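Visitor: Just dropping this structure here.
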């Protein structure tokens, strides 16, 4: 899932080399922390958070298939 978020974020931003995804596991939950360049933050979040919501929806679909709980934090 880390690779999925990384690929989506790199496709959206102007500086793909600044995209960093950190994965931590707490109990039965996977937490993905996405960090991008400050100038690209708006491109990842989108108007009214629509792009961020879409990324979370894709993650939720994948996590249901794998029986895991996933959350995405955009730093």
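Visitor: Using only Cα atoms, find the angle between the long axis of helix 2-12 and the longest principal axis of the chain, and express it within 0 to 90 degrees, rounded to the nearest 10.
Guide: The angle comes out near 20 degrees.
Visitor: Now, a different point. Helix 50-65 sits at what angle to the longest principal axis of the chain, using alpha carbons and giving 0 to 90 degrees rounded to 10?
Guide: The two axes meet at around 30 degrees.
Visitor: Sequence gap at least 6, Cα distance under 8 Å: using those rules, report the relative contact order of the range 2-74 to the nearest whole percent. Provide the component values of the computation, followed by the final result.
Guide: Numbers: 88 pairs, mean separation 22.7, N = 73.
Computed value for the range 2-74: 31 percent relative contact order.
Visitor: Test of understanding: what is the full-extension gain from residue 18 to residue 60, defined as 0.36 nm times their sequence separation minus their Cα-Cα distance?
Guide: Working: separation 42, 0.36 × 42 = 15.12 nm, distance 2.46 nm.
My answer for the length gained is 12.7 nm.
Visitor: Let me know the shape class of the chain, please: from the alpha-carbon gyration tensor, a ≥ b ≥ c as square roots of the eigenvalues, rounded when a/c is under 1.5, otherwise prolate if a/b is greater than b/c, or oblate. Write down the numbers at each step before the final one.
Guide: Working: a/c = 2.08, a/b = 1.62, b/c = 1.29.
Prolate is the answer for the chain, as a/c is 1.5 or above and a/b outweighs b/c.
Values quoted throughout were computed directly from the atomic coordinates according to the rules given, and no laboratory measurement underlies them. Small disclaimer: the values here were computed from a predicted structure and weren't measured.
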